[in-house]
Ligand code: PHB
């Protein structure tokens, strides 16, 4: 064969070999600016870490993630961005969604567009009921709070509790679950107070807690400026010193501990991820983030959801190819089990919601650094709201 023929044969083989290779676009909607910008940054870092470890292609199909800034809780913007990603950019998967209202805003659109949508945070139980195209790789507030309220009554021995939540859907879920589980166990709820989503002045709220003198305070604020302020004011207004413990969920994550300061010490939280979970994926995630983004980079719940969400989408493309029917991708994801940095997880085949361990932790000082220390684990928890509210 002369050189030209050789070249032609090689080109033909390479064209045949990549005939079905495509670029699979994934649209990720999250806040990348404003007070909640940490969500977008943590999602993106974990996506890039995942692609560094696993490559940017699946069977020759390039996986390209397109990031869109929704700013904060802004359902109209979320819907507009999703429409553009679907109609103009030609995405095959939609993902991200830190906030419940932003996830709910795309329910009709993704159903009509047959668009598989992997929720990386938004944690209100009902979301996955609003479209068959949702799969959730984060958590539900109810899932964490059921474990927290049971621990509060049965293990810690608290008998009277006070709840303080952000006045929007996931807060309502958290409040509802705490009241239900704590009351059913035998406890008394002294007061249930709701603060507007944008609240960062918690002084009047903490004064009220101090007056009520509960055995424990359950608090939920969306991770960011409101959650940092709630934690700080719990300490600065003397609630902590009065011996009233704060029972939290995502508020005490390591990414916020420097901003909160030593006020956070002693806070208890129920979470589906913790830095101290001992498994290979957790080590790999933490090491890759540090290598790529510096020593200070630590994973949070956004990181672990992005890492696992990418795994789910990569596995779906590996199994079904780059251009399968959207509903077929969802079918593939149902029942899927993953070894996650948070431990074993499964996408429940009936609800498309996540089944996972919930860890109970306490903020402690260790080697001169604050961190969450896990002291109890409840294994493979399903979303209790869905169990209590069958379709
Ligand atoms: C939500 O909007 O569902 C949400 C946002 C931030 C959190 C938890 C839940 O930290």
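Side notes on the structure shown:
- Alpha-carbon centroid distance for the pair the stretch 57-134 / the stretch 152-200, whole angstrom: 30
- On the principal axes of its alpha carbon atoms, the chain extends 90, 48, 36 Å, with the longest extent given first.
- Note that the stretch 244-391 carries a Kirkwood radius of 16.9 Å, evaluated over its alpha carbons pair by pair.
- Computed on the stretch 226-380, with alpha-carbon pairs under 8 angstrom and 6+ residues apart, the relative contact order is 25 percent.
- Under 17 Å from a label point set 7 Å out along the Cα-to-Cβ vector of residue 53, the amide N atoms of the stretch 301-334 belong to 301-316.
- GNM flexibility winner over the chain from 122, 161, 195 (Cα, springs under 10 Å): 195
- Extension gain (nm, one decimal) between residue 84 and residue 156, 0.36 nm per residue minus Cα-Cα: 20.9 nm
- P(r) for the stretch 79-120, from all Cα pairs and a bin width of 10 Å, is 30, 65, 5 %, short bins first.
- Antiparallel bridges, percent of DSSP beta bridges restricted to the chain (to nearest 5): 40
- Neighbour-count ranking [beta-carbon atoms within 10 angstrom, fewest first] of 336, 342, 194: 194, 336, 342
- Remark on the stretch 94-193: hydrodynamic radius 14.5 angstrom, per the Kirkwood mean of 1/r across alpha carbon pairs.
- Max mean-square fluctuation residue, GNM over the chain, Cα-Cα springs under 10 Å, options 58, 378, 363: 378
No lab work stands behind these numbers, since they all come straight from the coordinates. Just so we're clear, the structure is a prediction, and the values are computed from it rather than from any experiment. Using ideal geometry, Cβ is built from the backbone for each residue, glycine included, and neighbour counts are taken over all protein chains shown.
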